[in-house]
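Note sheet for the following structure.
Please treat every number below as a calculation from the coordinates, not as lab data. Because the structure is predicted, anything quoted here is derived from the model rather than measured. Cβ coordinates were reconstructed from backbone atoms using ideal geometry, including for glycine residues, and neighbour counts include every protein chain displayed.
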Amino acid sequence: MTAETITADASGTFELGDLPVHRIGFGAMRLTGSAAFHLGTPSDRARSIAVLRRAVELGVNHIDTAAFYFSALRSANELINTALAPYADDLVIATKVGPFRDCSGEWGTSRPDQLRGHVEENLRQLGRDHLDLVYLRRMRQDSIAEHFGALAELREAGLIRHLGISAIQPRHLTEASEIAPVVSVQNRYALDVPDPQADELLRMCGERGIAFVPYFAVAGEGAERGAAGTRNVDEVLAVARAHGVSPAQIRTAWTLHQGPHVLAIPGTGNPDHLTENVAVGALGLTAEELERLNAVHTEAG
């Protein structure tokens, strides 16, 4: 079996509420340009559309996006709509609200009463009558109850099927779960980026049957600004060489090995990288390799 013939089915399946998805998905942020929604070269539109269609051909049925994923000339939601509508019945599209950007690209933080408008904007851009999964992306609020409660009302109204939360601390998972069911948590989590709270969230989600979806799992320092570099520690390089794959693939494989509830959403606008990302689902790490990599994570903390 070659990387070109491996599909997302090889990664296994987990249910987001009642929606089964393959554990290897696709993150749409980088579709819009070389530096995602930050300053950078706009993407080639035809290539971005081709990458999305190829992802679905390779069995990807979980795409992560947001209305604020746009650059000067590209919108991730519009690209998804153009490439994939009418959507396959098994395709799950997750989006997020909380932060927003105006037409000039300036950032803002939504008030609870603004969230319906941002949900409706995602619906319009994606060409859908409901959203499969909407994350509340926390923007440093001490409490997320009012914002999450507003999304819970939209869920009751039928605009949203399932709810998730992102960029949270463990206490926010408990807070949100008392308001409405949480099917997924999306936080930064990476092999050599220490974050004890992410470790705790990983554990809590596993115990509660909630998906844990790391972002920036292969990005190095500066990831929040759109950097795509990796810090290739010796152990990662050694394991990558043993498997004949890239360090980025090992990092993604390591996250998937942290539990059956962990989902990966690596993003790319490069068709070759897409094939490599999907192939990670078939990449098995030995107990000894996992021990070595887990030690890297522990030591980083």
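Things worth noting here:
- When the square roots of the Cα gyration tensor eigenvalues are ordered a ≥ b ≥ c, the ratio a/c for the stretch 1-114 is 1.5 or more and a/b does not exceed b/c, which makes its shape oblate.
- Charged neighbours of G149, selected by a Cβ distance under 11 Å, balance to -4 (K, R count +1; D, E count -1).
- Qualifying GluC sites (Glu not before Pro) for the stretch 120-228 [loop in DSSP, other Cβ within 10 Å: at most 15]: E178, E221
- Legend: ranking of residues E276, E299 from fewest to most surrounding C-beta atoms inside 10 Å; resulting order E299, E276.
- Note on the stretch 106-149: Rg/Rh from C-alpha atoms, Kirkwood Rh, equals 0.98.
- Neighbour-count ranking [beta-carbon atoms within 10 angstrom, fewest first] of W107, W254: W107, W254
- Among beta bridges that DSSP assigns inside the chain, antiparallel share in %, nearest 5: 30
- Per DSSP, loop trypsin sites (Lys or Arg not before Pro) in the stretch 89-172 with at most 14 further Cβ within 10 Å: R140
- Seen from Y189, the other residues with C-beta closer than 10 Å to its C-beta sum to a net charge of -1, counting Lys and Arg as +1 and Asp and Glu as -1.
- Exposure proxy ranking, count of Cβ atoms within 10 Å, fewest first, for D9, D132, D234: D234, D9, D132
- Note on the chain: dipole from Cβ charges, positive end direction compared against V134, A287, S75; the farthest Cα belongs to S75.
- Annotation: peptides 261-271, 23-33, 288-298, ranked by per-residue average of other Cβ atoms within 10 Å with the highest first, follow the order 23-33, 261-271, 288-298.
- For the stretch 140-208, the spread of Cα coordinates along the three principal axes comes to 41, 23, 17 Å, biggest extent given first.
- Stretching the chain fully between D18 and A72 yields a gain of 15.8 nm (0.36 nm per residue, less the alpha carbon separation).
- Three-way shape label, the stretch 144-301, alpha-carbon gyration tensor, a/c 1.5: prolate
- Subtracting the Cα-Cα distance of R208 and D142 from 0.36 nm times their residue separation leaves 21.5 nm of extension gain.
- Lys, Arg +1 and Asp, Glu -1 on Cβ, resulting dipole of the chain about Cα centre, debye, nearest 20: 640
- Net charge of neighbours whose Cβ lies under 15 Å from the Cβ of T2, counting Lys and Arg as +1 and Asp and Glu as -1: -3
- Inter-label distance, A242 to T7: 3.1 nm, where each label sits 7 Å from its Cα along the C-beta direction.
- One compactness figure for the chain is 0.94, namely its Cα radius of gyration divided by 2.2 N^0.38 Å.
- Overall, the ratio between the Cα radius of gyration of the stretch 75-211 and 2.2 N^0.38 Å, rounded to two decimals, is 1.07.
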